[in-house]
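Once you've had a glance at the structure underneath, I'll fire off some questions.
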Amino acid sequence: MELISNNVIGEKDLNELWHIRMGTLHHEALRILKETVTGVPVLTTKHDDTCSGCVLGKYVKATYSRSNNRAQSVLGLIHSNICGPMSTRAISGVEYFVTFIDDHCKKTWIYFLKTKDEVFDQFTQFKALVENLTGRKIKILCSDNSGEYTDKNFTDFYAREGIRREWTAPYNSEQKGVAEGRIKLLLEQQKRCYMIKIYPSFYGEKHAARLYTFRTGLLTGL
């Protein structure tokens, strides 16, 4: 910003100038600034309308309405998300995990990863497992646009297997509500275990046990 002399601009413009200089300090505080800061001219509360920077800076993203849509059959839609790296490496050496969630029944599978580039191998294993167990094919995979899901191996695999891709918009975690919600549950459980002195390096085993309780119905409403 160019330095502007205080004596060549009007009173309102001077107030706006110091409003910006002081990091958009509110105008009532500007009026008493001279009493605490050296070199500040006499300012008033006069200003032009509303500061656009203040208004835009206070904007919040509107919440998404809850969707009642659900896949009509098992494997009709699979949600996936990656979490990590964790602050503590697990005793098995893994630092990440990836989840696959069936939209129809909300059953969840979790795979632990040492590096994020292992996602493709874990997805092919997951696909072979669930398609063999159900006799059905995965139709749609929904994930974000991170490189693990968009590399050449994945792209070629989607085309070869006839899997349709659905992408969520960057920085819109609300669009990943199913995947983000399940990871949130797992991480909350992990924090509770920290509080009761269960070692952080056992988080992989804790997540696996948590998902077992999901699948066996010991936890309801999930």
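Readers should treat all values here as calculations from the given coordinates under stated rules, not as data from a laboratory. For clarity, every value in this text was computed on a predicted model and none was experimentally measured. A quick note on method: Cβ atoms are made from the backbone with ideal geometry, for glycine too, and the neighbour counts reach across all protein chains shown.
Just want the ordering: His27, His79, from fewest to most Cβ atoms lying within 10 Å of their own Cβ.
Numbers: His27 17, His79 25.
Taking fewest neighbouring Cβ atoms as first place, the list is His27, His79.
List Arg136, Arg165 from most exposed to least, where exposure is judged by having the fewest other Cβ atoms within 10 Å.
Details: Arg136 12, Arg165 15.
Sorted ascending by nearby Cβ count, the order is Arg136, Arg165.
Next question, about the same structure. For Arg89 and Arg165, compute 0.36 nm times the residue count separating them, minus their Cα-Cα distance, and round to one decimal in nm. Working shown, then result.
Working: separation 76, 0.36 × 76 = 27.36 nm, distance 3.16 nm.
Extra length available between Arg89 and Arg165 comes to 24.2 nm.
Which entries of Lys114/Lys137; Lys106/Lys152; Lys107/Lys139 show an alpha-carbon separation above 24 angstrom in the structure shown? Let's see the in-between values first.
On the way: Lys114/Lys137 28 Å; Lys106/Lys152 29 Å; Lys107/Lys139 16 Å.
Beyond 24 Å: Lys114/Lys137; Lys106/Lys152.
I've got another one for you. Per residue of segment 100-114, what does 6.51 cos²θ - 1.76 cosθ + 1.60 with θ = phi - 60° give for ³J(HN,Hα)? Whole Hz please, x for Gly and Pro, Karplus curve as stated.
Along segment 100-114, the couplings run 10, 10, 7, 5, 6, 10, 6, 5, 10, 10, 10, 10, 9, 10, 7 Hz.
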